[in-house]
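See below for the structure under consideration.
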Amino acid sequence: MSGQETTAARCAVLVGPYTSGKTTLMEALLFAAEAIPRKGSVPQGSTLGDFSPEARRRQMTVEPNVSHCEYLGDRWSFIDCPGSVELSQDRNSSLMAADIAVVVAEPEPSRALTLAPIFKVLDDFKIPHILFVNKMDKSEARVRDLLEALQAVSSKPLVLRQVPIRDGEQISGFVDLVSERAYRYKDSATSDPIQMPEGIKEREGEARQVMLESLADFDDTLLEQLLEDQIPATGEVYGQLTKDLREDLIVPVLFGSAEASNGITRLWKALRHETPPPETTAERLSIPLGDEFSASVIRVFHQAHTGKMTLARVWNGGAKDGMTIGGERVSGLYRMMGSDNLKIAEAGLGELIAFGRMENPQTGNLLRDGERIENPDMASPETLKPVFGLAITPKNRQDEVKLTGSIAKLIEEDPSLELEHNADTHQMLIWGQGEIHLQLAVEHLSSKFHVEVETARQQTAYKETIKRGTKQHSRFKRQSGGHGQFGDVQIEISPQPRGKGFEFVDKIVGGSVPRQYIPSVETGAREYLQRGPLGFPVVDVAVTLFDGQFHSVDSSDMAFKTAGRLAMSEGMPNCQPVLLEPIYDVTISVPNEFTSKIHGLVSGRRGQILGFEAKPGWDGWDNLKCHLPQAELQDLIIELRSLTFGVGSFEHSFDHLQELTGRLADKVIQSQQSDDAH
Ligand SMILES: Nc1nc2c(ncn2[C@@H]2O[C@H](COP(=O)(O)OP(=O)(O)O)[C@@H](O)[C@H]2O)c(=O)[nH]1
Ligand SMILES: [Mg+2]
């Protein structure tokens, strides 16, 4: 099998933890394919990808980088994904374009765990993937230790395809275990073939045997050959490797250095010969192909100058500039190449293209002949739930509407962002996957949409209630000029069970308060409850109106409403008001080696552990259920990630309100009252 079986363009997606070298690797691959005139560098800010000011400033990929090239007559697209866990949504969406994923790893056994969530997504969508162990130019670990650590987080067998040749501490080349040819690395160029060094032959033989045995697990003929000590033909071994990779049964492991362009030709060859064609990928993703044109939307980009660009992969037929999709005319068909959009007239099977200035398409849509399907029945990643939120306000009050519209565009780009208008605190909240994620959103609001904003901590949605009841007699009476106002009520205020809410009971007999005024008393009481004696909304209180007086001329709706409100404000302080804080139901997911640490984290945050269980579908992970106060949830993700190499995560939902007393409560009440003073 070889790249020649298809003429369609193929797509490789580079994934891996932050700083493992994906952006540098894309640069090396493009340079080797002569698609860029010189190889850029991340520290120098000269790479094709990461061109935005936000990316350059941080030396960090903040949006998927798209590129294209031709290698030995085959057409390729690449997407270099952000590595930060906070930008995982972009990685997951980008993977929906992948015929193959290249997982870029650090040569550091202790960091292997950071690959676990990535392997999980690849497994979920059965995406064929190659593991490229990068930075071998400065690796100190033994390949065997590294492989063992990586295997511990991969559900698929890792199949090492190279052994390193060492020159003292340095790795100076490698032996390819299929061809059994040896190579010496050359700086920024294809390695030179060399004689296999004597000293390595034994290790090479052993490693080759291990590789063949892994493959024999999936092929009886090969197994028989091995049992009979026959040496399988090189072509057969390549064939088996390709088949197993395409079926996502094994993960081939290659290594090198993106920085020094070592191991790049070997990686290119593997991509060329082993990557499945787009037809296979379309089938794997169950893409409902149309008769002619079908393309799935991978992501949308709102660019400052060009407006909205819709990145899509063509799975069938051809796209043309000027075609109509779902009633919208395509105005401009492009190939994205770093910061450039190169105009093209048409595109065919497998190509990763961008449609210019279309309003409607959203990530995950399927674009077909004349129609746009919003929720096609095909594989698609879930939208990540938010774990970190901040209050957001425009610096210029006139920008409020523009802010909402601009955030909607950011959400179109990255649906793991959310906007909430909080009904309790009246704050506008922006939610996402962490501090950096929200910082980037704030910067993009400025650079893409010219909206400047400020962020602040979320307010906790404290409430209050009462511990005991009271009877209250209050009278509202005004005599001023013409006719006055008169309302007199006797109410009983009493606590209700938690969660029961507000209740108003009418026990008036004999018309001491005329029928038509009774609802006004209730309205007055309700108005008062928006802000109780401690300064917070009041919940779980019952008010019974049992007596009162009226005046035939001076009584009115207004007077009884005011009387109701007055009775509450005079009575409530005598009811032993108490602060209530929102408690959330939280499920924390971590590899089980961290479970005991998480117990400490939860109790340190006034939480209550409810129990834990194995996380379904995640080998070696636990789900820890607990109750945590909302106030302790705000920066939970930061501590959780720092305890777990960044892989821990959680989901949360409001559960109940709980009394808060003592010093913490005093502090909350004090700060609310000092806010009021301002
Ligand atoms: N020594 C060494 N450094 C590398 C290699 N590849 C990338 N780097 C450096 O590692 C840092 C992160 O690289 P980058 O490509 O941005 O990683 P990404 O976050 O995975 O895209 C940069 O400073 C690179 O110059 C490599 O093969 N060897
Ligand atoms: Mg990068």
_Are there strands (runs of 3 or more DSSP E) fully within region 559-644 with at least 3 residues that are within 30 Å of GLU527 (Cα to Cα) and out of contact with any Pro (no Cβ under 9 Å at 6 or more places or on another chain)? List them._
577-591
*Looking only at region 14-41, which residues are away from ligand 2 (no atom under 14 Å from the Cβ) and on the phi > 0 side of the Ramachandran plot?*
GLU34
*Any residue in region 110-128 that is farther than 30 Å from GLU382 by Cα and either of a type in the set (Lys, Arg) or surrounded by fewer than 16 Cβ atoms within 10 Å (Cβ to Cβ) (or both)?*
no
_Selection within region 241-278 - within 22 Å of PRO157 (Cβ to Cβ), of a type in the set (S, T, N, Q) and surrounded by fewer than 21 Cβ atoms within 10 Å (Cβ to Cβ)_ = THR242
*Of the numbered conditions (1) touching a residue at least 40 places away in the same chain (Cβ under 8 Å); (2) not assigned by TED's automatic domain parsing to the domain that holds ALA295, MET428 satisfies every one except a single condition; which is it?*
(1)
*Residues in region 611-626: is at least one under 22 Å from the mean Cα position of the chain (by Cα), crowded, with 21+ Cβ neighbours inside 10 Å and of a type outside the set (D, E, K, R)?*
yes
*asked:* Take the residues in region 63-76 that are buried (at least 24 other Cβ atoms within 10 Å of the Cβ) and more than 9 Å from ligand 2 (Cβ to nearest atom); name whichever of them is farthest from the chain's Cα centre (by Cα).
replied: TRP76
_Please verify whether LEU29 is touching a residue at least 12 places away in the same chain (Cβ under 8 Å), surrounded by fewer than 17 Cβ atoms within 10 Å (Cβ to Cβ) and either within 17 Å of LYS269 (Cα to Cα) or out of contact with any strand residue (DSSP E or B) (no Cβ under 9 Å at 6 or more places or on another chain) (or both), treating the condition exactly as stated._
no
*If only one of ILE353, ILE392 is among the β-branched types (Val, Ile, Thr), more than 24 Å from GLU328 (Cα to Cα) and in contact (Cβ under 8 Å) with a residue 40 or more places away in the chain, which one is it?*
ILE392
_Filter result (surrounded by fewer than 15 Cβ atoms within 10 Å (Cβ to Cβ), more than 16 Å from PHE449 (Cβ to Cβ) and not acidic (Asp, Glu)) within region 396-424_ = ARG397, HIS421, ASN422, ALA423
*Kindly indicate whether any position in region 539-557 is at pLDDT 95 or above, under 30 Å from GLU659 (Cα atoms), assigned to a loop (DSSP other than H, G, I, E, B) and among the charged types (D, E, K, R).*
yes
*Which of the strands (runs of 3 or more DSSP E) contained wholly in region 279-391 include at least 1 residues that are crowded, with 22+ Cβ neighbours inside 10 Å?*
294-303, 307-316, 333-337, 352-356, 366-368
_Pairs with Cβ under 8 Å, 6+ apart, first in region 136-148 and within 21 Å of SER261 (Cα to Cα), second among the aromatic types (Phe, Trp, Tyr)_ = MET136/PHE255; VAL143/PHE255
*The listed residue being at pLDDT below 95 and assigned by TED's automatic domain parsing to the domain that holds THR275, out of ASP229, ASP244, ASP217, ASP176*: ASP229
*Is there a residue being crowded, with 22+ Cβ neighbours inside 10 Å and among the basic types (Lys, Arg) anywhere in region 89-108?*
yes
_Number of positions in region 411-444 that are in a loop (DSSP other than H, G, I, E, B) and not aliphatic (A, V, I, L, M)_ = 10
*Out of all the residues in region 88-95, is one or more away from ligand 1 (no atom under 16 Å from the Cβ) and farther than 12 Å from LEU14 by Cα?*
yes
*Right, LEU150: at pLDDT 95 or above, assigned to a helix (DSSP H, G or I) and surrounded by 22 or more Cβ atoms within 10 Å (Cβ to Cβ) or not?*
yes
*Can you tell me which of PHE132, PHE78 is under 29 Å from SER179 (Cα atoms), of a type outside the set (A, V, I, L, M), within 16 Å of ligand 1 (Cβ to nearest atom) and in contact with a His (Cβ under 8 Å, 6 or more places away or on another chain)?*
PHE78
*How many residues does region 32-48 hold that are in contact (Cβ under 8 Å) with a residue 12 or more places away in the chain and polar (S, T, N, Q)?*
2
*Could you please tell me which pairs satisfy a Cβ distance under 6 Å, a separation of 6+ or placement on different chains, a first residue in region 122-134 that is assigned by TED's automatic domain parsing to the domain that holds GLY173, and a second residue that is of a type in the set (Phe, Trp, Tyr) and surrounded by 24 or more Cβ atoms within 10 Å (Cβ to Cβ)?*
VAL133/PHE255
*Test for LEU30: is it closer than 19 Å to GLY350 by Cα, in a helix (DSSP H, G or I) and either assigned by TED's automatic domain parsing to the domain that holds ARG246 or more than 8 Å from ligand 1 (Cβ to nearest atom) (or both)*: yes
*Report, by residue number, each residue of region 42-62 that is in a loop (DSSP other than H, G, I, E, B), crowded, with 20+ Cβ neighbours inside 10 Å and on the phi < 0 side of the Ramachandran plot.*
VAL42, THR47, LEU48, GLY49, SER52, THR61, VAL62
*Could you say whether any residue in region 16-23 is of a type in the set (Lys, Arg), farther than 19 Å from SER257 by Cβ and within 13 Å of ligand 1 (Cβ to nearest atom)?*
no
*How many residues are part of a helix (DSSP H, G or I) and over 43 Å from the mean Cα position of the chain (by Cα) when one looks only at region 221-245?*
5
_Members of region 518-535 found to be buried (at least 16 other Cβ atoms within 10 Å of the Cβ) and in contact with a Pro (Cβ under 9 Å, 6 or more places away or on another chain), listed by number_ = LEU529, GLY532, PRO533, LEU534
*Of the residues that make up region 264-276, is at least one free of Cβ contacts under 8 Å to residues at least 12 places away in the same chain and charged (D, E, K, R)?*
yes
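The values are calculated or read from the model by the stated rules, or taken from the named source; none is laboratory data. This is a predicted model, so every value here is computed, not measured. Cβ: placed from backbone, ideal geometry, glycine included. Neighbour counts: every protein chain shown.
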